[in-house]
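Take a look at the structure set out below.
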Amino acid sequence: MKHILVLGSEGFIGRHVVTAAIQQGHHVYGVDIADKMPAAYNYEKLSLLSADIDLFLSAHPFDIIINCAGSGNVGFSVQHPLTDFDLNTRSVVFILEAVRKHQPAATYVHVSSAAVYGNPHTLPVTETAQLQPVSPYGYHKWMSEMVCREYAALYGLRSAIARPFSVYGPGLQKQLLWDLFQKASRQQEIVLWGTGEETRDFIFVEDAANALLRMGTLETGTSTVYNLAYGQPVTVRHAAGLLMESLGWNRTIHFNGEVKEGDPRFWQADISAIRAIGFEPSVSLVEGFKLTAAWLLSLKESQ
Ligand SMILES: NC(=O)c1ccc[n+]([C@@H]2O[C@H](COP(=O)([O-])OP(=O)(O)OC[C@H]3O[C@@H](n4cnc5c(N)ncnc54)[C@H](O)[C@@H]3O)[C@@H](O)[C@H]2O)c1
């Protein structure tokens, strides 16, 4: 049993990490700026961009700190680069400075993003690929990884960095599947961005949560980077069709042919690094889309 702190515990990925950690028998503490729902774990409402995180870590010892906070919205980062920098980079300095002062023996698991790769030249993309972000979000995640490296190299902090590709599942109220569901709830004919031939590498959120927990239990590691994905490319057209099928809805889907600013075109991850530490994604795309569709339909029924 480990003492695990989940930062951003009330967000999409954070909630699933909390659930998985409790299921694995760990003692969990959550931190977020959101108001907490009743749940079976300790919780502190505070901002990571304040001195509160220093005070908090001075009082509560942890074995593992998993940072699922921040902003995960490319479009928002294009419109508000400074806010995105605060949420995705500056907050990491606040956290690691407090870890350095109060919890230097803890393992810090950082959730970065595949957005650091930009439009990769070679697929599947490995962790050693050249980083060429195409959005402020991608640059800020890259800088956040540099902060982890800085604290590992200069202060010996143990950290592991995850680069999730497209995480999906119950609770995600943004991105492709959510937008598609919203449109399909209202219209028979749907128009999506792009050509439909763009590819994504989806990973079910429970798999992503288990991978982050696995990374937290590594005894070694100085900012080692791991792609988090299923390892199989899927076209946006196929994903859209599969969601409609999983929902049991018959809709006509068109693509507008326009590239959305900041969106990479083709993605497929090499996941041999995370496999090498004993993690294997277990939820197939078909199964994961069924679970997601069931959740989306339950939301619609409760409205
Ligand atoms: N969802 C994906 O597909 C995906 C893919 C790659 C990377 N990521 C990254 O994973 C992380 C989590 O993503 P998500 O989809 O769960 O996002 P989310 O928005 O659902 O969750 C983020 C959480 O962080 C909290 N938060 C924001 N600012 C805070 C602050 N100042 N102090 C404390 N808490 C704060 C929010 O209240 C929220 O609960 C983000 O860093 C995102 O960039 C997500």
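Miscellaneous remarks
- Within region 54-68, the presence of at least one residue that is within 30 Å of LEU176 (Cβ to Cβ) and touching a Lys or Arg at 6+ places or on another chain (Cβ under 9 Å) is confirmed.
- The sole residue among SER112, SER185, SER144, SER91 that is among the hydroxyl-bearing types (Ser, Thr, Tyr), modelled with pLDDT under 95 and closer than 29 Å to MET37 by Cβ is SER185.
- Residues of region 200-220 that are in contact with a strand residue (DSSP E or B) (Cβ under 7 Å, 6 or more places away or on another chain) and buried (at least 19 other Cβ atoms within 10 Å of the Cβ): ARG200, ASP201, PHE202, ILE203, PHE204, VAL205, ALA208, ALA211, LEU212, MET215, GLY216.
- Residue match in region 242-250 (condition: of a type in the set (S, T, N, Q) and assigned to a helix (DSSP H, G or I)): yes
- Conditions (1) closer than 22 Å to ILE66 by Cα; (2) open to solvent by less than 70 Å² (accessible area, probe 1.4 Å); (3) among the hydrophobic types (A, V, I, L, M, F, W, C): number failed by ALA276: (2)
- Scope region 1-17; condition within 11 Å of the ligand (Cβ to nearest atom) and either farther than 21 Å from GLY171 by Cα or open to solvent by less than 10 Å² (accessible area, probe 1.4 Å) (or both); matching residues: VAL6, LEU7, GLY8, SER9, GLY14, VAL17
- In the condition set (1) outside any loop (DSSP other than H, G, I, E, B); (2) within 28 Å of ALA229 (Cβ to Cβ); (3) within 13 Å of the ligand (Cβ to nearest atom), ILE22 is compliant with all but (3).
- Every residue from region 176-199 that is out of contact with any strand residue (DSSP E or B) (no Cβ under 8 Å at 6 or more places or on another chain) and among the β-branched types (Val, Ile, Thr): none
- Count of residues meeting criterion [charged (D, E, K, R), in contact (Cβ under 8 Å) with a residue 60 or more places away in the chain and surrounded by 20 or more Cβ atoms within 10 Å (Cβ to Cβ)] in region 136-194: 3
- Where helices (runs of 4 or more DSSP H) sit wholly within region 25-141, those with at least 2 residues that are away from the ligand (no atom under 16 Å from the Cβ) and not charged (D, E, K, R) occupy 52-59.
- Against the numbered list (1) open to solvent by 60 Å² or more (accessible area, probe 1.4 Å); (2) of a type in the set (D, E, K, R); (3) modelled with pLDDT of 95 or more, ASP32 comes up short only at (1).
- Just one of the listed residues (THR128, THR107) is free of Cβ contacts under 8 Å to residues at least 40 places away in the same chain and of a type in the set (S, T, N, Q), and it is THR128.
- Per-region count, region 242-268, residues of a type outside the set (Phe, Trp, Tyr), within 25 Å of LYS300 (Cβ to Cβ) and surrounded by 15 or more Cβ atoms within 10 Å (Cβ to Cβ): 7
The values are calculated or read from the model by the stated rules, or taken from the named source; none is laboratory data. Treat the numbers as computed from the prediction; the structure is a model and nothing was measured. Don't worry about glycine lacking a Cβ; one is built from the backbone with ideal geometry, like all the others, and counts go over all protein chains shown. With ligands, DNA and RNA removed, areas are computed over all heavy atoms of the protein, side chains included. Shrake-Rupley method; radii C 1.70, N 1.55, O 1.52, S 1.80 Å.
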